[in-house]
Every structure is written in C-alpha cells, then in structure tokens.
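Chemist: I have a structure I would like to understand better, so I am pasting it below and will then ask my questions one at a time.
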Amino acid sequence: MAELHSQSTPIQTIYDWYRQDKLIVNRRYQRKLVWTLEEKQKLIDSIINRYPVPAILVAEIDGTEEKYEIIDGLQRLHALLSFIETSYPTQVDTYFDLSYFPTANDLAENGTFETDETNKKISSSLCSTILNYPLSVSIVRKATEEEINDIFDRINTYGHRLSDQERRQAGIQSKFSNCVRKIACAVRGDISEDKLFLYNMPSISIDLPKSKHGYQVRADEVFWMRQGILRSTELRDSEDEQCIADILSCMIGANLIDRSKIALDSIYDQSNDEYERINLALELYGEEKVVEEFKFCLEEIEKICSAGEEAKLREIVFERRTNNSFPSVFAAVFIAIFECGVKREHKISNYKDVRSALTAISTRVKAGQGGAKKADRRKNIDVIKGLIDSYFIKDKNIKATIYSDHKITDIEAELRRSQIELPNYELKQGILNLASKNDPEYTKMLDKLLRTISAIANNGNGSSGKIIIGVADDEKDAKKIKHADKIDYKKIGDNFVVGVNREAKKLKKTTEQYVSIIKNHISNSELSNTTKTSILSNIDYHSYFGLGILIINIPKQKEITYLGEEIFCRQGSEVHKVTSPKDIIALGARFQ
C-alpha cells in the first residue's frame, strides 16, 4: 500500500536531484511545459518574498530513494530550476548569479547550459534566499503504477488545470490513448521515451511565437500551425491530440462519431461501451498500421499544399482570408483523402488538381457545430470525395509507399530528436565541400562518413542510430547553399534542410547515381562485414519537398565495429578514435 512522507527540502538540494538524474517525467500523463514567463516570474517573486508555494508531489520509482517521478508540480519545478540556470529574468529584469552557487556554475562552465555574463544579476542575499528556500515535498512510497495514475487523476479533478484532452490522455492508459499520443508526438516532432529527465522537458515542449522560452518544438513549424489548422495556444493545450483522437476513431471504427466532447469522453471512459468498441477496433485494425496510414495522409496534404505555389491549407480551403482554426473542416478533408486513397489502395495522380478541387471548399460544407453530427459529417466528407475522387488512380504498389519508413513527419521528428540524442545522430549537409567550386573532391567526406558510421555502431548493444544527409546545422552554411545552388531550404528546429538533389545536379548525376556513390563507398570499405551488410540494406531516400534527403540507418549491433584495424566511438556529437586497451575493453562491455 502507498505511503505518504512529507519533508521540507531546500531548493539547492532539489537542484542536485535535477542534475543527478533523479527527477523523472512520465509522458503518459504529464503535459508539456506550458507556463508563461509571467507565471514563472511570479513564482520566483513568491520565493524571494518567502511566501508559501504549493507542495511538490513525487513518487519513488521502484521503491528506491534514487529517482522520483513527478506527479504534481512539474511546471513549478522547471520554473525554479531553469531560473537558477539563467533561462529567464525576474520581473525587474535581473538574473540569478551563478557565482554564488558553485554546483550550477561548474555545469555552466562545462557547457551543460548557456549563460550570458553581461546580464544584470540579483544580489547574493537573494541568491541565498532562493537556494535555501524550504520547498514542501511530499513523497509517495511503495505505490503501484495504478495508484500513481489514480493520484494524478484525482489531483487534476480539483479545479480545471488541464484541458479536456489533457485530462482524457492523463486519466487512462489504453491502446487508443497510447496510439493518439504516439501519433501526436510524431506529428509535433517531440518523440522521446515515455519517461525522461526533467531537464530534457524543453526538448519536447512547445515554444509559442510570442513566448520564446527556448523550447525546441517551435509551434509555427509544427504541421497544425504550419497549415493554419490550429492556433498556437490550441496546440499548447493539446487540441492537436483531440483532433487526432476524433479522426482516429473515425478511421478504425465502422462508423463516424459525433464531433463532440461527449463522444470523445465516452471513448476514454472505461465504463462506457464506446471505450470497449474503439479499443477492440484498434486491436483488430492494428496500431502500427493506422499510425503509418495517418502519417501518410498528412504527407499527402503537405504535397497538395506545396503543389504549385506553396500555401497553407487554410488559405486553400477558405474563400476569404481568415486566421480562424478549422479542425472540423480539416477532419473532413483528411477522412475524404483517407477513404479515396488508403482504403481503396489508390494514389493521387495530380496534386495540383486536388488542390484546385479543395479551393474554397469551406463554402460547400457545414463547419463547426453545424457539421458535428455523424450524418452531417458524412455529407461533408462525401461532398469532398465527390470533388477529388477522379484524381485518384489504382496503384498496386501503394501499400509499400504507405507503410514505408521516413515520411515527412518521421524526418522532421528525427531532426528534432537529433538535438538531444547526440551520440545516436549525425547530420551532414552533403558529401561535397562547400569551399570547392570546380571538380569537387568528395572521397575525404565519404571516409569521414565511414568513421561516423563506425562510431555510432559502437554506441552499444540495444542502441541504433541514423545519419541524415542533406541537413545543415549552421544557418550561415544554409544561406551559402541557398545562394550558390539556387534552392530554398526548410528550417526544422535548429537545423536547415538543404537536400542532396543540389549535389547530384552539381555532379551531373541522377539521384540514383548519387546514392550509388555513397553505397559503393560503404560497400568497398573495410567496415566490419556484419555492420556493412546491415547498413547497405537500410539506406533510404526521401524526396522531401523536392530537396531530397538520404537517411543511413545504423541498426543495433551485437559486437564492436571495426574500420579496418581502427575503432571509433562517439562522445556526444564528436567521433573519437579508441586506442588504449582500457578504452577498448570498456567499449566491448557495452555489448555484453
């Protein structure tokens, strides 16, 4: 049975937990970081004035005192600890002074987080007040997973702190809720493990256009905002997951559902027949299958919007300019494409014609509450299908396309994921040296590629990796490429997709010949045979808006990979040659 222990813990001790990997966030029920700057500053002001703040509730993991899963207080904890790491100022524009806290200062000097010495600092006494502030921490011990879920659910019924969809997703763990979460993470690009350390939360949280918290998922780059379907605040409140849950239930069920709060609530209510119906339907349909079909339909919509002069879906479907979100019309368009294409194994023959057919479609369908009932939704979908159906043709190979790896959604998610999983990812702008103007030499770049492959393969048993070619991580390089090769790059997170098609053109090669250059270099190399064989069968090309991206997948290896007589390993994002016997033994231990 669960036990509750309360204690007073100084903030500096909690900071030690934070950086010693003791504070864990469970993404099954915890939302993203959503506090505004003002909310964070008010909390710091309360601490400085020694006002009481609500208690933090955590649960011991596996009955030990080594790690704590945060149940309540995620936003408060991150606000406090990120203030110490100078992520934002107080209400009077002053920052924490790291010189008065050696623990954090050493981490800053080692590059764990960035700081600006020119910022105006708070006084030493205020630093001391913050570090020594006794935060009330309640620790749940010996709790089962079900008890933790129940505690979280009860806490979030007091008041209205979560959005409807956040409460649905947090309140229960089912095949359907897990599938919704999986799709939502893939589309937003915040894929990660179910549990992650608190200091990694910025990497999967959403930066709104006007907030600029430094979070790595930028709202205006995410599909939902990029196409104008949702506003940034709706994305923050997980209305993308609500949209996915609505569409997903229509895809896998025999019938459409009403587009309503009641209909979705019933799907998440274990005592309701709809819960059983939808979860059984998902089990029969297949989770992996529907996830790939969902992502495929999104990719088709992206291609429709980029056919000809690129435009947002909102600009296409509405006759008059508007900033309103339109999840109901989007759902009708999505399901129409799904039924015309995926369900019948047809493909779009002409994206421009489909785009023309969808132009001003909002004038021909019922939107909002007028189109919420099942019958009205069916009419809307059938109207859209009637306009676009003639542009779909039978394709016997469509399944291979639908269920292939690395759709647009996957690529963008991988690019964002690469920013926190440095040892497992490598981004390369290409195989040509930017400084070369004539007859570019690429053998050295390909040799470097081999060393990187070898190093990532040596991350250990159970660890896979990827090298993505056609992506620059420096905006200056991206601008040089744009000017020199006359292309428009796409910015995803902190990276810039410049593509490889431009290099194939420079080399006067087809895309297939360009890919063969890389494959042949790997094939003729001295990489360990097992690694070489597994990699050559896992190289994928994606056209990605005409730019072209090459993905070299490095599957999990069971033993050390050699490059000739040499051994390489990754240290963060760097490749290092392993030479000492001690380090070779340590590397070998990774595979045991």
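Chemist: Average the reciprocal distances over every distinct pair of alpha-carbons in segment 24-81, invert the result, and give the Kirkwood radius in Å.
Modeler: Taking every pair of different Cα atoms in segment 24-81, averaging 1/r and inverting gives 12.6 Å.
Chemist: Let me ask something else about it. So, by mean Cβ neighbours within 10 angstrom, what's the order for 259-266, 455-462 with the highest one leading?
Modeler: Working: 259-266: 16.1, 455-462: 21.0.
The most tightly packed comes first, giving 455-462, 259-266.
Chemist: So, one more: Could you tell me the extents of segment 173-263's C-alpha atoms along the three principal axes, largest first, rounded to whole Å?
Modeler: Each principal axis gives a Cα extent; for segment 173-263 these are 43, 30, 19 Å.
Chemist: While we're on this one: Can you divide the C-alpha Rg of segment 475-562 by 2.2 N^0.38 Å and report the result to two decimal places?
Modeler: Compactness ratio reported: 1.27.
Chemist: With a cut-off of at most 12 other beta carbons within 10 Å, and DSSP calling the residue loop, which GluC sites (Glu not before Pro) in segment 281-379 qualify? Please list them.
Modeler: Values: sites: Glu283, Glu287, Glu288, Glu292, Glu293, Glu299, Glu300, Glu302, Glu309, Glu310, Glu315, Glu319, Glu339, Glu345; in loops: Glu309, Glu310, Glu319, Glu345.
Filter output for segment 281-379: Glu309, Glu310, Glu319.
Chemist: Kirkwood-based Rg over Rh for the chain (C-alpha set), two decimals?
Modeler: We get a ratio of 0.98 for the chain.
Chemist: Determine the relative contact order of segment 488-592: mean sequence separation of Cα pairs under 8 Å and six or more apart, normalised by residue count, in whole percent.
Modeler: 20
Chemist: Further question on the same structure: Got a sec? What order do Asp540, Asp93 fall in by accessible area at 1.4 Å, biggest, i.e. largest, first?
Modeler: Largest to smallest exposure gives the sequence Asp93, Asp540.
Chemist: Ser6 to Glu114: FRET efficiency via 1/(1 + (r/R0)^6), r the Cβ-Cβ distance, R0 45 Å, to the nearest 0.05? List each step's numbers first, then the result.
Modeler: Numbers: r = 36 Å, r/R0 = 0.79.
That pair, Ser6 with Glu114, gives E of 0.80.
Chemist: Using alpha-carbon pairs under 8 Å, 6+ residues apart, how would you state the relative contact order of segment 63-112 in percent?
Modeler: 22
Chemist: For segment 195-236, just run the numbers: alpha carbon Rg, then divide by 2.2 N^0.38 Å, N being how many residues it has. Walk me through the intermediate numbers first.
Modeler: Numbers: Rg = 10.8 Å, N = 42, 2.2 N^0.38 = 9.1 Å.
For segment 195-236, the normalised Cα radius of gyration is 1.18.
Chemist: How many angstrom separate the Cα center of segment 387-453 from the Cα center of segment 161-222?
Modeler: Between the Cα centre of segment 387-453 and that of segment 161-222, the gap is 25 Å.
Chemist: How high is the relative contact order of the chain, in percent, with contacts defined as C-alpha pairs under 8 Å that are six or more residues apart?
Modeler: Reported as a whole number, the value is 11 percent.
Chemist: How fast does segment 36-186 diffuse by Stokes-Einstein, in µm²/s, taking the Kirkwood radius from C-alpha pairs at 10 °C and 1.306 mPa s?
Modeler: Approximately 89 µm²/s, per Stokes-Einstein.
Chemist: Next question, about the same structure. Only sites in a loop by DSSP and with at most 11 other Cβ atoms within 10 Å count here; which trypsin sites (Lys or Arg not before Pro) in segment 473-515 make the cut? List each step's numbers first, then the result.
Modeler: Numbers: sites: Lys476, Lys479, Lys480, Lys482, Lys486, Lys490, Lys491, Arg502, Lys505, Lys506, Lys508, Lys509; in loops: Lys486, Lys508, Lys509.
Answer in residue order: Lys486, Lys508.
Chemist: So what does His483 come to for accessible area, using a 1.4 Å probe and Å² rounded to 10?
Modeler: Counting only protein heavy atoms, the figure is 140 Å².
Chemist: Post the alpha-carbon centroid distance, segment 62-114 to segment 496-544, in whole angstrom.
Modeler: What the calculation gives is 43 Å, centre to centre.
Chemist: Something else: So what is the 222 nm mean residue ellipticity for the chain from helices alone, if each DSSP H run of at least 4 adds -39500 (n - 2.57) and you divide by all residues, rounding to the nearest 500 deg cm²/dmol?
Modeler: Taken over the chain, the calculation gives -13000 deg cm²/dmol.
Chemist: In addition: Among the DSSP beta bridges whose two residues both lie in the chain, what percent are antiparallel, rounded to the nearest 5? Spell out each step's value before the answer.
Modeler: Numbers: 39 of 52 bridges.
Roughly 75 percent of the beta bridges in the chain run antiparallel, per DSSP.
Chemist: Could you look at the chain and say what percent of its accessible area is carbon and sulfur, using a 1.4 Å probe and all protein chains?
Modeler: 46
Chemist: Also, quick follow-up: Counting Lys and Arg as +1 and Asp and Glu as -1, what is the net charge of the other residues whose Cβ lies under 13 Å from the Cβ of Ser232?
Modeler: +1
Chemist: How much accessible surface area, in Å² rounded to 10, belongs to the heavy atoms of Ser87 with a 1.4 Å probe?
Modeler: Roughly 70 Å² of Ser87 is accessible to a 1.4 Å probe.
Chemist: Turning to a different aspect of this structure: List the GluC sites (Glu not before Pro) in segment 12-90 that DSSP assigns to loop (not H, G, I, E or B) and whose Cβ has at most 16 other Cβ atoms within 10 Å. Which are they?
Modeler: Glu65, Glu66
The values are calculated or read from the model by the stated rules, or taken from the named source; none is laboratory data. None of the values given here were measured: they were computed from a predicted structure. Counting neighbours? That spans all protein chains shown, and the Cβs are built from the backbone with ideal geometry, glycine included. Areas reflect the complete protein model, heavy atoms only, side chains present, ligands, DNA and RNA absent. Shrake-Rupley method; radii C 1.70, N 1.55, O 1.52, S 1.80 Å.
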